[in-house]
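Encoded as structure tokens, the structure appears first; notes follow it.
Read-outs: derived from the displayed coordinates by stated rules, not from any lab. Keep in mind it's a predicted model, so treat the numbers as computed, not measured. All Cβ positions, glycine included, derive from the backbone under ideal geometry; neighbour counts span all protein chains shown.
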Amino acid sequence: PASDGLINEYYTPTLVCNEIVKATATLLRGRVKPGQRIRALEPSAGIGRVPSAFLGHSKLPLDWTLVERSDASSLLLSHLFTEARIHRGTFESFIAESLTEIVSSYDLVVANPPYGGRGGAITIDPDKDYRETQAGAYFMRRGLDLLAPGGLGVYVVPRGFLDGTGKSAQRLRDQIFARHHLLDAFRLPSNLFPGTDAVTDLLFFESRGGEIKGSLSGEDEQIQRGHFYQLRPSNILGKVSTTTDRKGRGRYV
């Protein structure tokens, strides 16, 4: 792997992948017509743990598009998933090359997106509306907006998206929830990713098939304001530890 990948790539744990498959298979059964092929995208495929989990634990008729910037990992993917469409390069370059054919076309998007600044990749996507400075925000917005109406988006993201109080977190929630309904979310234990104690959330979205103008109402409004876990405390899969992360926030064990 590339030298920066050795310290920055955190692959989705197999346990989490298997649970994603179980939940997604149940959700898709009511949304896919008999005999329909399911168009699926993973925009940061890594070493293929998500499609491997679907292959091993479901009989869903999935047609995968796998995007991976690492030469080593994308080569591995091409040998593991010979029938999948493999794009070796950044998610932004995939968008730039394929947008006219993929817009609003996917039934399923699953991602554990990269984080940090986007650098020069920020200008590759021709649509200036997606000039997010942070990679995680870009992957969420862009990936979810590729869903067909009623399509499912499944994301593993840091805790700050759902309950962050800053302007950037609120802005991102406003943008995403206007187009996508949050079906459910689960706060995962801190020790799932070896080498980091980061707290992550597993999110399940459904595309609205359009954008809501104006404010949301009821529970949707409360979730948009960052109060999801106050509404559903049982979705926190763990207890707050006496130890904290590097920012002084509670860990979950």
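Put simply, the amide H of I236, placed in the peptide plane, has neighbours under 5 Å in R187, leaving out anything fewer than 5 places away on its chain. Note on the chain: antiparallel DSSP beta bridges, both residues inside, total approximately 50 percent of the bridges counted. Peptides 158-167, 182-191, 213-222 ranked from most to least packed, by the mean per-residue count of other Cβ atoms within 10 Å: 182-191, 158-167, 213-222.
Under a 5 Å amide H cut-off, with hydrogens placed 1.01 Å from N, H87 pairs with L66, V67, E68 among residues at least 5 apart or on other chains.
With both residues required to sit in region 20-138, DSSP beta bridges show an antiparallel share near 10%. Rg and Dmax of region 32-148, based on Cα coordinates, read 14.0, 43 Å. For region 100-244, give the share of DSSP beta bridges that are antiparallel, in percent and rounded to the nearest 5; count only bridges with both residues there. Here the antiparallel bridges make up roughly 70 percent for region 100-244.
The calculated FRET efficiency for the pair Y11 and K239, based on their C-beta separation and a Förster distance of 22 Å, comes to about 0.30. Here the 3J(HN,Hα) profile of region 34-40, calculated from phi with Karplus coefficients 6.51, -1.76 and 1.60 at θ = phi - 60°, is x, x, 7, 7, 9, 7, 10 Hz, Gly and Pro shown as x.
Comparing region 130-210 with the 2.2 N^0.38 Å rule of thumb, its C-alpha radius of gyration ratio is 1.09 (two decimals). Taking a straight line from the alpha carbon of K33, these lysines sit under 23 Å away, with near neighbours fewer than eight places off in the same chain left out: K22, K59.
Using r as the Cβ-Cβ distance of R85 and K22, and R0 as 35 Å, what FRET efficiency do you calculate, to the nearest 0.05?
0.90
Distance distribution P(r), region 46-102, all Cα-Cα pairs, bin width 5 angstrom from 0: 4, 19, 28, 22, 17, 8, 1 percent.
If R0 is taken as 25 Å, the Cβ-Cβ distance between Y115 and R37 corresponds to a FRET efficiency of 0.20. Under 22 Å of direct C-alpha separation, and excluding same-chain neighbours fewer than eight residues apart, K213 reaches these lysines: K128, K167.
Stretching the chain fully between V103 and A148 yields a gain of 15.4 nm (0.36 nm per residue, less the alpha carbon separation). Put simply, the convex hull of the Cα atoms in the chain casts, on average, a shadow of 13.7 nm².
Our coupling estimate for region 41-50, obtained by passing each phi through the Karplus curve with A = 6.51, B = -1.76, C = 1.60 and θ = phi - 60°, is 10, 10, x, 9, 6, x, 9, x, 5, 5 Hz, Gly and Pro reported as x. Ranking Y138, A23, S93 by Cα position along the charge dipole of the chain, where only Lys, Arg, Asp and Glu carry charges on their C-beta atoms, puts A23 farthest toward the positive end.
Placing dummy labels 7 Å off each Cα toward the beta-carbon, the span from T123 to L55 is 3.9 nm.
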